[in-house]
Amino acid sequence: MTGAASVAFYDGSVCVAETGRGAGARAPSRSRRQPALVVWPERSATRDTRVMERMSAFGAVLLAAHAREQDAAARQVQLLKTQRQLERRVANQEQRRSRASHDLRTPLMVIKGYVDMMLKGTAGGLTAPIQRYLERLKRSAEDQSAIIDRRLAKVTEVGVSDLRPLLRTAFIPAARGGRPVDTTLTLPDRPVAVPGSSDDVELLVRTLSRAVAASGAPAAVRVEAVGDAGVWQLRVSLRGGKALPEKTVTTLRYLTQRLRGGLSLPEETGNGLVVHLPVDDTVPVAHRDA
């Protein structure tokens, strides 16, 4: 404001900023707790008062923005601390995982080595029962080694702990494209846990759903576990309709391979399209059987 010798901005009784020369601007009364802009010499004109009120309000907005920036900076510092703590924790867990994997795998390698030598006759002739026992012991050691590899493998991707909600959403909409969809969905009474990339799993289900919709035929979708093989079998049976386009088949085959599964076409099974997906045995049993 032209002619002002000193200008100060107060937040209550605290001077936030001041500038000018000579005598300082007089502080507002202590009873006043709102932000205020004070000039010296004081201006009593109505026009000047309105301008000062507007500038005071603008100063209050700046103070609030500054406070938010300080809060955000404090949160950022806390987030960085938490990130460093998590990184150290992950590194420690990775070291323990690697050490546990080595400690568990080493005795199995020793057992397997001695069994192989005995089966080759290094320790002398073997009777038929001893031969069977050693072969069973060898298979048990190999199975245990495979379990250690799966359970203690370095985790790079998070799979899908339960595929059922995604299947319900994809295959049982009320209508698609204005046409009712006749689809029967049969799911197991326990979570369908699948390892691998969750994006790949979702894209696989969406591709199957679009294929069913494009066929224009009634469909039956069934998911079941195949014996003790650790495999989920997702069968899609179409009662008539169009054949699957080659592009769709190529996409499905690619996705199942990425998920370490397999694909069987209707001409191979004689009873619909079948997708084989591995069971995620790293999911706790209590969760799978819930």
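Okay, here's what the table says:
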| item | result |
| --- | --- |
| Length gained when the stretch Ile147-Arg190 is fully extended (0.36 nm per residue, less Cα-Cα span) | 13.3 nm |
| Highest average packing first - 200-212, 57-69, Cβ atoms within 10 Å | 200-212, 57-69 |
| Inter-label distance, nm, simple model (7 Å from Cα along the C-beta direction), Leu203/Arg132 | 5.0 |
| Straight-distance crosslink candidates among lysines, where the alpha carbon sits under 23 Å from Lys120 and sequence neighbours closer than 8 are dropped | Lys112, Lys138 |
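Read the figures in this text as sums done on the coordinates, not as results from a lab. From a predicted model like this one, the values you see are computed outputs, not experimental measurements. Cβ: placed from backbone, ideal geometry, glycine included. Neighbour counts: every protein chain shown.
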